[in-house]
Amino acid sequence: MDLRNTAMQICVYLSLVVVLLGLCAWGPVEMRRTRFKPKPKPKKNGKPLEEILPAQNIDIKQMSGKWFLLSVASRCNYLLDNHYKVESTTMTLTVPDSPDSPVAVSTFRKHNYQCWEIRQHYERASSPGHLLLKGNQPEMDVKITVVQTDYNSYAILVYKRMRKITMKLYGRTTSITDTIVDRFEELAQKQNLGLDVVFQFPDYGKVHIQK
């Protein structure tokens with residue numbers, strides 16, 4: 001009789017443990033809401049850059065000043081493998097008054113807890129909205145197109161080197177409306193750059209140069 005009572009007590013105890021574990025498993029969990037990111041798909045033939053028109057009547061002079069890099073759409077192998085390591089990045093454009101003078105570009109990004117500055121010059125093309133970053137060889141040149149901008153809040157730029165295309169969304173501040181984000185992603189989708197290869201850049205505070 002004692003053995004039977006003991007066995008029944010053990011069964012009741014185990015049943016209570018299972019119920020309690022079930023309640024714990026279904027309890028509320030606080031977590032950060034993030035957008036589902038599908039696995040990158042094989043590349044398809046997208047719309048060529050030449051068919052992407054720049055913003056009408058673009059005034060590159062009004063793009064002078066500081067811009068925050070918010071999102072990048074690219075099949076760059078480095079981003080595909082290290083997108084979780086991206087750091088806050090800013091770009092400052094200095095546009096001379098002379099239309100024949102190049103645009104000075106200063107990019108600051110964090111790396112290993114330090115800020116690094118990259119200085120470049122974008123040559124101005126004959127048609128407004130087009131810029132050129134010259135490489136060591138002609139095939140290494142990067143063609144840049146200002147696709148959309150309102151000068152005051154956002155700018156969408158397309159970079160093309162040979163047949164590789166990268167799209168970047170910049171903002172005057174680190175916050176931007178969902179409408180602009182959706183517009184950027186729609187344009188990227190037309191270049192076969194879907195959400196699987198759209199990477200958001202974080203904001204970890206202001207980027208300062210270390211002298």
>> So, residue 117, is that one in a strand (DSSP E or B), surrounded by 15 or more Cβ atoms within 10 Å (Cβ to Cβ) and more than 14 Å from the chain's Cα centre (by Cα) or not?
In response: no
> If you go through region 99-122, how many residues are free of Cβ contacts under 8 Å to residues at least 40 places away in the same chain and under 16 Å from residue 67 (Cβ atoms)?
Replying inline: 8
> What is the number of the single condition among (1) closer than 28 Å to residue 194 by Cβ; (2) buried (at least 16 other Cβ atoms within 10 Å of the Cβ); (3) at pLDDT below 95 that residue 78 does not meet?
Replying inline: (2)
>> Restricting to region 123-143, name every residue that is part of a loop (DSSP other than H, G, I, E, B) and in contact (Cβ under 8 Å) with a residue 40 or more places away in the chain.
In response: 127, 128, 129
> When you go through (1) at pLDDT below 90; (2) of a type in the set (A, V, I, L, M); (3) closer than 17 Å to residue 199 by Cα one by one for residue 125, which number turns out not to apply?
Replying inline: (3)
> Is there any pair linking a residue in region 165-184 that is closer than 19 Å to residue 145 by Cβ and touching a residue at least 40 places away in the same chain (Cβ under 8 Å) to one that is in a loop (DSSP other than H, G, I, E, B) and not hydroxyl-bearing (Ser, Thr, Tyr), with Cβ under 6 Å and at least six apart or on different chains, and which?
Replying inline: 165/191
>> Could you go through region 87-104 and let me know if any residue there is surrounded by fewer than 14 Cβ atoms within 10 Å (Cβ to Cβ), of a type outside the set (S, T, N, Q) and modelled with pLDDT of 90 or more.
In response: yes
> For region 149-167, how many residues are open to solvent by 50 Å² or more (accessible area, probe 1.4 Å) and either of a type outside the set (A, V, I, L, M, F, W, C) or under 16 Å from the mean Cα position of the chain (by Cα) (or both)?
Replying inline: 5
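The values are calculated or read from the model by the stated rules, or taken from the named source; none is laboratory data. Just so it is clear, the structure is predicted and the values come from calculations on it, not from any experiment. FYI the Cβ positions are ideal-geometry reconstructions off the backbone, even for glycines, and counts take in every protein chain you see. These accessible areas exclude ligands, DNA and RNA; they are computed on the full protein's heavy atoms, side chains included. Shrake-Rupley method; radii C 1.70, N 1.55, O 1.52, S 1.80 Å.
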